[in-house]
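Step one of this worksheet: look at the structure below.
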Amino acid sequence: MAELLGLRDKLKERALGAPALAAFCLADNRLNLDVYLDGCRRFLQLFEGRRGEVLQVEFLRLSSNDRLLGTTLDILPHLKHLKSLVIKGGHARDEFGSCQHGSLTSLPADMGNLRCLTHLDLTFNSLSTLPSCILHLSSLRVLLVSHNRLVVLPEDFGCLSKLTFFSAMKNQLKDLPRSIGDLAVLQDLDLSENALEFIPEEVGNLHNCTELDLSGNCLSSIPDSLANLKCLRRLHLHSNLLVTVPASLARLPNLSRLDLQNNCLRAVPPEIQTLPFVRLRGNPLGETEPSPQSAFPVCPGTPRPLPILHYIHSCIFPGSFTVTSEGCKVILACGIHFYFPPGAASDPLQIYFRTLAPDPQCVKLQHHDVLLSRVLELQPHGAKFQQEVQISMPYASPQTLHQREVVVRTFSGQSWSDLRTRVEQKRKSKHVAHCSVLHFSWFLVVSRLVQNECKVPIEGTLLFSSVDPNIKVTFPPGVTEQTRTVKMQVCALSKTNFGKLYSVLDAEEKASAASNISRLLLSLGINLDQSRLHLLHGDLQGQTWDDITSQVVLEFTHLYAVFEVTHFSWYWLWYTTKTYIGGIAKKVYERLRMYQVNFIALQRKKDPEQVLLQCVPKHKVDPVLKKLQDRYRGPEPSDMVEMFEGEQFFAAFEGGISIVMDRPDCVDGRLSFTFYSHLKNMKEIYVTSSVDRKDQAVKGQVSFYRGAVPESIPEEASRRRRGPDSLWLVTLPIKLPRLKPRWGENPGALNGFSFPPLNLGNAETGYLTQANLLSIARRMGADWQTIGLNLGLTYQQIERDLDKQILDMLFSWAQQNSEDPDCVSKLITAMKESGRQDIADEVETIIELGRQKYRESIRRVGLEQDSSTEDSAIAMV
């Protein structure tokens with residue numbers, strides 16, 4: 001993705017020229033350079049060529065993953081008009097898709113002279129201490145330092161007297177300065193997912209605080225002074241080690257949400273327990289013994305029951321929990337279980353978890369492996385435990401476990417290895433893989449060929465295949481000078497494996513199981529004609545199969561063909577009349593690793609702009625369509641095509657239909673997929689159209705194309721995928737219906753969205769146009785639900801299936817309030833209450849520019865009443 005963005009920028013730079021392209025980024029008083037790989041270089045170009053305009057910039061966004069960040073930081077103190085500064089990391093990703101922290105570790109001391117700066121965002125960086133210059137920003141109202149490495153806050157942190165929003169989530173804070181209680185106007189304080197063990201009583205002096213988030217820490221108690229926060233609406237205390245909570249919290253007059261899930265509360269004051277908005281799930285309330293519903297048995301001799309943390313986080317998104325020396329059991333909502341025995345962690349340890357979509361460039365599957373789960377990442381990587389931690393991972397049920405086995409595979413940072421795994425089938429459709437580890441990294445579940453292994457001593461030994469006991473290996477005495485571990489896998493074949501290729505074989509022709517081991521005794525079970533017997537040798541990747549019959553000495557019995565070899569690889573015994581069978585064997589082996597699939601493209605009945613794309617193995621198509629038919633409609637599934645496990649493919653919308661290009665899985669305008677036979681291979685997206693749909697429907701299509709071929713694919717199969725024509729797979733029709741009027745007005749178009757023309761406010765006070773709202777909506781991100789609540793929308797309006805979520809929420813509110821003369825003020829207030837001071841400042845700037853244009857138009861037509869007063873006002877803008 002980064003390479004494609006870089007190519008895009010280079011092409012644009014070639015067309016416009018570097019100076020022109022840098023100037024293109026400067027819009028009014030805003031500079032958004034964090035979306036460019038070389039944003040700092042563009043900033044330096046602008047500063048050199050258009051210094052006067054750059055010095056007037058009020059809103060600036062930069063990426064801290066930029067190599068020229070240090071040079072750029074030296075210039076920032078000169079931007080005296082700067083109101084909002086964002087220097088964020090997270091724009092670059094590692095091999096597993098994790099956001100990489102930026103390189104920012106400090107700020108220039110003279111940045112404390114930015115008297116106009118009200119909003120500072122330094123998230124996803126490498127700050128270990130808070131830069132001292134921040135304490136001199138006298139106008140600062142919003143400070144975000146989330147996802148850094150802060151261990152402590154400065155003792156005089158409370159000198160930021162105008163601070164209304166502070167977020168330090170996902171750091172390593174262990175305590176707080178007592179001066180934090182001096183932040184008299186602070187409204188929102190987020191200290192979640194740190195290592196806090198103690199909260200000072202002075203927090204009770206934050207009398208204007210409306211939301212306090214202390215979740216994901218190591219708190220065993222909270223101060224009674226929290227009952228002084230009379231303005232508090234939401235208090236988040238979940239995922240701590242709380243054993244008690246003060247009953248006085250129930251008397252907070254404005255409290256509407258109290259999160260106490262996943263603590264160690266065995267009793268709660270009645271005043272708290274009866275609150276309608278309190279959440280207590282995941283606490284051992286009333287328990288004196290461990291819950292019988294546990295993922296693992298309690299170890300004999302355990303002195304006291306282990307706390308059970310039932311996490312309600314979705315496993316697709318990151319989460320965390322704390323482990324102490326007492327041990328605990330953790331149950332995630334996705335079904336993953338952990339058992340930390342007492343003493344596994346000597347000190348309290350914060351564990352971070354998330355699941356990732358498997359990337360074929362990182363997840364290297366071996367021959368005939370089938371992926372059965374997403375990748376589970378546990379941090380901190382390499383954290384060593386004193387005792388083994390047990391992990392249980394649910395996985396997709398394979399078609400058959402016959403002649404295959406399920407294992408948990410882990411990544412050490414350099415290579416993957418298989419863990420000793422115990423498999424449990426709890427219900428018909430629920431399978432769980434259990435393993436034990438001493439350190440955390442990445443984990444996934446795969447189905448592989450059954451692997452038999454033994455240690456070969458100097459005296460020799462005998463190794464049998466559990467798949468076919470007739471296949472065995474004899475290691476004679478002296479075969480090795482030291483004891484070695486030998487592994488054997490057997491890939492069993494059946495007539496169905498040959499498919500259409502079976503017709504080219506004679507009626508008497510047979511193929512044995514393929515095996516990758518030394519001296520073999522392969523079962524024959526047929527009337528032997530030695531002239532038809534061929535022994536094939538395959539390389540490790542199965543690219544070639546050579547007939548080595550004449551190179552070895554074959555001995556025959558009534559049951560076995562016996563031969564000797566001196567090195568390990570794949571061996572395959574064929575009984576055929578064909579002379580040259582290497583090509584046939586190659587095709588059969590290739591087909592063993594192929595899956596016949598169909599593609600489906602369905603549109604939601606209630607919202608045709610919502611499209612579901614899926615690649616489904618042939619035998620699953622009918623059940624999948626049956627589940628979807630009530631909510632979706634669309635064309636029949638595509639014709640059958642063949643794909644390999646882990647093969648990449650793309651979906652491209654054509655014929656006037658497009659998707660949002662800034663999706664992380666969108667590469668060069670195409671949606672990226674990776675085929676795994678037992679995962680869903682499904683994505684649901686919104687599509688738009690550049691074609692005017694007011695008068696007619698848009699008939700387009702979605703085409704699927706092959707992408708990168710897995711490294712282990714046979715060369716012949718890879719060659720068939722080369723060239724532009726061979727990349728195309730199938731095409732399915734997509735139809736976007738003619739737009740219907742909404743809210744009783746004529747429909748308009750805004751980037752493909754069916755919203756009517758809209759202006760908020762009036763000419764005299766200033767307008768917010770559709771384009772302004774679209775820009776604001778795209779910046780809301782994860783805060784859109786909070787903003788919706790502060791705009792006065794109900795939970796039902798927000799939680800229902802909105803057409804475009806953020807956009808629809810914002811425009812729905814705008815339509816309902818377009819006649820309200822105070823609507824713009826309400827929007828600004830909602831942004832401030834939601835902690836988005838940066839957006840509020842931008843709206844105020846837009847409104848002020850609108851007022852200026854209105855005054856100028858009044859002056860041009862000679863209707864100005866007091867020109868001196870107006871000129872003075874305009875000059876101050």
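Highest mean first, how do 136-144, 380-388 rank when packing is the count of other Cβ atoms within 10 Å averaged over residues? Please report the intermediate quantities before stating the final value.
Values: 136-144: 20.2, 380-388: 13.4.
For the peptides 136-144, 380-388, the packing ranking is 136-144, 380-388.
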> How much length is gained on full extension from Glu271 to Asp607, taking 0.36 nm per residue of separation minus their Cα-Cα distance?
Replying inline: 116.4 nm
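Between Ser128 and Gln816, take the C-beta separation as r, use R0 = 41 Å, and let me know the FRET efficiency to the nearest 0.05.
Details: r = 47 Å, r/R0 = 1.16.
With a Förster radius of 41 Å, E is 0.30.
Probe of 1.4 angstrom, ligands and nucleic acids ignored: what's the accessible area per residue over region 322-443, in square angstrom?
Details: 5330 Å² over 122 residues.
Here the per-residue accessible area is 44 Å².
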> Do any of Lys618/Lys683; Lys455/Lys587; Lys472/Lys620 go past 27 Å between their Cα atoms, and which?
Replying inline: Lys455/Lys587; Lys472/Lys620
> Using a basic spin-label model with each label point 7 Å from the Cα along Cα→Cβ, how many nm lie between Asp630 and Asn254?
Replying inline: 4.3
>> Counting only other residues whose beta carbon sits under 12 Å from that of Val407, what net charge do I get with K and R as +1, D and E as -1?
In response: +2
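Counting only heavy atoms of protein chains, what accessible area per residue, in Å², does region 560-670 have with a probe of 1.4 Å?
Numbers: 5110 Å² over 111 residues.
Dividing the accessible area of region 560-670 by its residue count gives 46 Å².
For a protection proxy built on the mean count of beta-carbon atoms within 10 angstrom, sort 408-421, 356-369 highest first, please.
Working: 408-421: 14.7, 356-369: 17.6.
In decreasing order of mean packing, 408-421, 356-369 become 356-369, 408-421.
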> Local charge sum around Leu137 (other residues, Cβ-Cβ under 14 Å, Lys/Arg +1, Asp/Glu -1)?
Replying inline: +2
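Take the Cβ-Cβ distance between Lys694 and Phe556 as r, set R0 to 60 Å, and report the resulting FRET efficiency rounded to the nearest 0.05.
Working: r = 80 Å, r/R0 = 1.34.
For Lys694 and Phe556, the calculated efficiency is 0.15.
Residue separation times 0.36 nm, minus the C-alpha to C-alpha distance between Leu727 and Thr485: what's the value?
Details: separation 242, 0.36 × 242 = 87.12 nm, distance 4.31 nm.
The Leu727-Thr485 span can extend by a further 82.8 nm.
So if each residue of separation counts as 0.36 nm, and I subtract the Cα-Cα distance between Leu438 and Asp665, what length gain in nm does that give?
Details: separation 227, 0.36 × 227 = 81.72 nm, distance 3.39 nm.
Taking Leu438 through Asp665 to full extension adds about 78.3 nm, to one decimal.
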> At a Förster distance of 45 Å, what's the computed FRET efficiency of His381 paired with Arg51, Cβ-Cβ distance as r, to 0.05?
Replying inline: 0.50
> Given Pro177, Asn148, Leu130, which one lies farthest toward the positive end of the charge dipole of region 111-188, if we put +1 on the Cβ of every Lys and Arg and -1 on the Cβ of every Asp and Glu?
Replying inline: Asn148
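The values are calculated or read from the model by the stated rules, or taken from the named source; none is laboratory data. Please read these numbers as outputs of a predicted model, since none were measured by experiment. Cβ atoms come from the backbone with ideal geometry, glycine included; neighbour counts cover every protein chain shown. The protein model used for the area step is the full one, side chains on, heavy atoms only, and it has no ligands, DNA or RNA in it. Shrake-Rupley method; radii C 1.70, N 1.55, O 1.52, S 1.80 Å.
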